[in-house]
């Protein structure tokens, strides 16, 4: 089973919820716009933990500005798919 079937990026959903663009996130997180675009499009194959931290920090800054009451976590942007459920994606 291919590893790409074992995770699903949900970053696009969070960007919509926060009403921010991919480019705005990239600028705030100080990462390449292509990294954000690849995540949103599900094309990311490798991701540094440092990059994830930058993304989450930026998303939570935007969330606070918009008076969100919850903290955005890794589970909000990446979904783990158990092996027995991977065929559904």
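Worth a mention:
- Mean sequence separation of contacting Cα pairs (under 8 Å, at least six apart), scaled by the length of segment 3-88, corresponds to a relative contact order of 46 percent.
- Candidate values (1) 58; (2) 37; (3) 41, label of the one derived for percent of Cα pairs over 19 Å apart: (2)
- Order by protection proxy (mean Cβ within 10 Å, highest first), peptides 68-77, 27-36, 53-62: 53-62, 27-36, 68-77
- Rounded to 0.05, the FRET efficiency of the residue 43 and residue 67 pair, given R0 = 22 Å and the Cβ-Cβ distance, is 0.10.
- Residue-averaged [θ]222 nm for the chain, counting only DSSP H segments that reach four residues, each worth -39500 (n - 2.57): -14500 deg cm²/dmol
Each reported figure results from applying straightforward, stated rules to the coordinates on display, with no laboratory input. Computed from a predicted structure; not experimentally measured. We place every Cβ from the backbone using ideal geometry, glycine too, and count neighbours over all the protein chains shown.
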